[in-house]
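Notes to accompany the following structure.
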Amino acid sequence: MSIRPTPGPVTKPALRLFVAGDTPGAKRALDSRKRLIEAMAEELEIEIVDILEHPAKAEDAGILATPTLSDDSVTPPRRLIGDISNIAQVLEFFSFSKKDVNS
């Protein structure tokens with residue numbers, strides 16, 4: 001009789017997007033966030049952190065500029081600051097594979 005380990009829950013990669021309020025840069029970053037999630041076929045979670053509403057979260061993470069897309073699952077954290085509209089480059093930076101080739 002062989003015992004097979006039961007598979008644990010599959011977790012999606014998770015990033016955090018730090019933005020500052022309702023600025024044009026924040027709006028572009030939020031639009032890019034949607035496109036990133038679509039490109040990963042919904043297999044990516046990106047938490048939105050508005051630093052104007054939650055300044056302690058930004059301070060704890062050491063965020064100095066927005067927008068910042070952060071992967072805190074690695075040490076040191078991997079961060080992209082500024083324009084994240086080039087989806088292919090963002091996915092490559094974080095070592096994610098694009099799931100939907102039509103995005």
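The values are calculated or read from the model by the stated rules, or taken from the named source; none is laboratory data. Just so it is clear, the model here is predicted, and its values are computed rather than measured. When we count neighbours, we look across all protein chains shown, and the Cβ atoms used for this are built from the backbone with ideal geometry, even at glycine.
Tabulated data for the structure shown
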{"read-out": "Subset of the range 1-20 (residues that are of a type outside the set (Val, Ile, Thr), more than 19 Å from residue 42 (Cβ to Cβ) and at pLDDT below 95)", "value": "1, 2, 4, 5, 7, 8"}
{"read-out": "The range 43-56 residues that are farther than 16 Å from residue 32 by Cα, paired with ones that are not hydrophobic (A, V, I, L, M, F, W, C) (beta carbon under 7 Å, 6 or more apart)", "value": "51/66; 52/21"}
{"read-out": "Residue 43 being exposed (fewer than 15 other Cβ atoms within 10 Å of the Cβ), touching a Lys or Arg at 6+ places or on another chain (Cβ under 7 Å) and modelled with pLDDT of 95 or more", "value": "no"}
{"read-out": "Residue 81, sole failed condition from (1) touching a Ser or Thr at 6+ places or on another chain (Cβ under 9 Å); (2) touching a residue at least 24 places away in the same chain (Cβ under 8 Å); (3) of a type in the set (Val, Ile, Thr)", "value": "(2)"}
{"read-out": "Positions within the range 59-99 being part of a loop (DSSP other than H, G, I, E, B) and small (Gly, Ala, Ser), in sequence order", "value": "62, 65, 73, 82, 85, 95, 97"}
{"read-out": "Checklist (1) over 12 Å from the mean Cα position of the chain (by Cα); (2) exposed (fewer than 13 other Cβ atoms within 10 Å of the Cβ); (3) in contact (Cβ under 8 Å) with a residue 12 or more places away in the chain applied to residue 28, failing item", "value": "(2)"}
{"read-out": "Residue within the range 49-61 that is crowded, with 16+ Cβ neighbours inside 10 Å, within 10 Å of the chain's Cα centre (by Cα) and of a type in the set (Asp, Glu) present", "value": "no"}
